Amino acid sequence: MRTILEEEKANVEAALPLVTEDSRLGWEPSMEYMTDPEHLQWKLQLLQETRDNGIPAFEKQLLQKQKTPRRQAPPAELPWD
């Protein structure tokens, strides 16, 4: 997850000066999709928040689940018991 996040951060950082220089970049008229420097800055902040808080919280939850002993199911009652 961290690798994907860092690669996406690099993509955004590479796109930011290009979109800043040419406002035509990031516009897709058939889908009315647009990105601009403000959206890219927002995405960088979101990626940082995810890296600093979201991923560690998720990892902590996973570790807690691994430490919790699994409950054993009661033995099945057989019809001839």
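Please treat every number below as a calculation from the coordinates, not as lab data. Just so it is clear, the model here is predicted, and its values are computed rather than measured. Using ideal geometry, Cβ is built from the backbone for each residue, glycine included, and neighbour counts are taken over all protein chains shown.
Key figures
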| quantity | calculated |
| --- | --- |
| Virtual spin-label span in nm between Lys9 and Glu49, 7 Å along Cα→Cβ | 1.6 nm |
| Contour excess over end-to-end distance, with Cα ends at Asp36 and Glu59 and 0.36 nm allotted per residue | 5.0 nm |
